[in-house]
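J.: Quick one: this structure, given as structure tokens, is what I'll be asking you about.
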There are 2 protein chains.
Amino acid sequence: MTDILERFSFNHATAKFWDQREAIDACARTGSAIGLWREPVAEQGLASTAEYLQDAGVPVTSLCRAGFFTDPTPEAIEDNKRAIDETAALGAPTLVLVSGPIPEAGTIDSAREGVKEALSLLAPYAIEQGVTLAIEPLHPMFASDRCVVTTLAEALDLAAPFAPEAVGVVIDTYHLWWDPEVWNGITRAGAEGRIASFQLADWITPLPAGVLTGRGQLGDGCIDMRRYLDAVDATGFTGKIEVELFNDALWARPGQEVFDETRAAFEGVLTKAARA
Amino acid sequence: MTDILERFSFNHATAKFWDQREAIDACARTGSAIGLWREPVAEQGLASTAEYLQDAGVPVTSLCRAGFFTDPTPEAIEDNKRAIDETAALGAPTLVLVSGPIPEAGTIDSAREGVKEALSLLAPYAIEQGVTLAIEPLHPMFASDRCVVTTLAEALDLAAPFAPEAVGVVIDTYHLWWDPEVWNGITRAGAEGRIASFQLADWITPLPAGVLTGRGQLGDGCIDMRRYLDAVDATGFTGKIEVELFNDALWARPGQEVFDETRAAFEGVLTKAARA
């Protein structure tokens, strides 16, 4: 095993339809960590999942996902607090936040104000529970229907009023690779202690018709993963690195096969030299 | 006719399969300007198109498009010089540049260096011909296969080494609307004298499967066109405003119908108050 494989975390969504326990078992066998999703956790049961993880000795890097609070109704805030509880119960350090769409009656600006308000309502509770909220900027093609936060700079600005233990950011190569400011953003995120999650997925061309589920296997696209690793590590980050691929073709295959392929691709792209 | 309709320019791509002369006639009848494309101009003949425009008294706001010089080969530069010649021959002030994809053997960074090099090779020739090259930042979903320039800030940085008469930028609502920095970018573009083209198209949700041809009719999406008008005009810009919609459903309809609808939508979205 190369050193880099000790940092491998398999996000369960990469093999979405694979039984969660089997995914945890695969991680246990290979010394990997796992990123979990609320729905499968609820299906297996929160306490039962936590116990299963502990018995297997598999650390959870993040729980996906909460957020969707651009219209920060009491219901939305309540659901996010439940997600914080679930994160704490699983012993995971980080809850990933996808901020949400432009509300029916709003604009992208009002939606961004909603995110600010929601964070201020949730940050104190997150601290109490020992959970870091990780704002994930999504690719701008999702700005209207999924996440109004589109750049690392914006995510860091949103996090700025709060302690780094309360609010951090997700650095996901798939969402950020196009941004000419991404390297400055990574340096800033590190300096401000905000890197709460580091996720990899590749960008393939042409963009698949179903843009939500067209993330490429590592190495299949145009993103220089090694350069991202070097940039993130240069900030002092030493944490696990999740691979999260939403990909219809992967989802159609057996989970163990996808796990093995993804782990090998992870090692491959992160051990070769960064491109010139 | 309200004042705003005097600023209406119909980009021919909005009714892509409509005969170019019929589109020019429709503009002449309504006191509109037109944005043209190189392929239909070549089909009708450059000199013949220029004469037809002059007889009709229809101004050309821009010629689309050159660029695709992320790998700035002599052939790419030569083609761009021909496009500059065509722009001058049509009496158009502006040539729109779509910078191009990541080349086979390159990275997004090397591609961006290619754009810099190409601009330095073309800017003196553009000045000689009295044509402004307009760098168009495209939506980041096109960053790998169409345009590595994705933000207004980046386009302005690329333009900075050159005189504003040589190199400007395109402000296109469809490509820029998601950017939290867009308002600062518009202010900067105005202050630096770089607004060479102002184009409108709306962002509709969900994103159509063919992302290239899913631009929404004005008012059908989430972009506050009036706010863009106010922001651009606040810089002192008083030029024409092009509507350029790549939309399969529009392309399937009769050109005159699309023209009339688009002109009415233009008036509608630009005369109502900006959203709160």
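The values are calculated or read from the model by the stated rules, or taken from the named source; none is laboratory data. Because the structure is a prediction, the values reported are computed rather than measured. Note that each Cβ is placed from the backbone with ideal geometry, even for glycine, and that neighbours are counted across all protein chains shown. Areas reflect the complete protein model, heavy atoms only, side chains present, ligands, DNA and RNA absent. Shrake-Rupley method; radii C 1.70, N 1.55, O 1.52, S 1.80 Å.
J.: Within region A:121-161, how many residues are surrounded by 19 or more Cβ atoms within 10 Å (Cβ to Cβ), hydroxyl-bearing (Ser, Thr, Tyr) and under 21 Å from A:Glu78 (Cβ atoms)?
T.: Final tally of qualifying residues: 1.
J.: Still on this structure, please answer the following. Could you please let me know if A:Gly214 is within 14 Å of chain B (Cβ to nearest Cβ) and either in contact with a helix residue (DSSP H, G or I) (Cβ under 8 Å, 6 or more places away or on another chain) or among the hydrophobic types (A, V, I, L, M, F, W, C) (or both)?
T.: When the stated conditions are applied, A:Gly214 passes them.
J.: Scan region A:162-201 residue by residue and report those that are surrounded by fewer than 23 Cβ atoms within 10 Å (Cβ to Cβ), within 12 Å of another protein chain (Cβ to nearest Cβ) and charged (D, E, K, R).
T.: A:Glu181
J.: Further question: Filter region B:90-120 for residues that are part of a helix (DSSP H, G or I) and surrounded by fewer than 16 Cβ atoms within 10 Å (Cβ to Cβ); which is farthest from the other protein chains (Cβ to nearest Cβ)?
T.: Step by step, filter region B:90-120, then rank; the result is B:Ser120.
Rundown of residues vs (1) β-branched (Val, Ile, Thr); (2) open to solvent by 20 Å² or more (accessible area, probe 1.4 Å), yes/no style:
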| site | (1), (2) |
| --- | --- |
| A:Arg215 | no, no |
| A:Tyr228 | no, no |
| A:Ala234 | no, yes |
| A:Phe237 | no, yes |
| A:Ile241 | yes, no |
| A:Leu250 | no, no |
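J.: Which one of these is surrounded by fewer than 17 Cβ atoms within 10 Å (Cβ to Cβ), under 20 Å from the mean Cα position of the chain (by Cα) and in a helix (DSSP H, G or I): B:Ala42, B:Ala28, B:Ala47?
T.: Matching residue, one of B:Ala42, B:Ala28, B:Ala47: B:Ala42.
J.: Then there is this: With respect to A:Asp19, determine if the residue is open to solvent by 40 Å² or more (accessible area, probe 1.4 Å) and touching a helix residue (DSSP H, G or I) at 6+ places or on another chain (Cβ under 8 Å).
T.: yes
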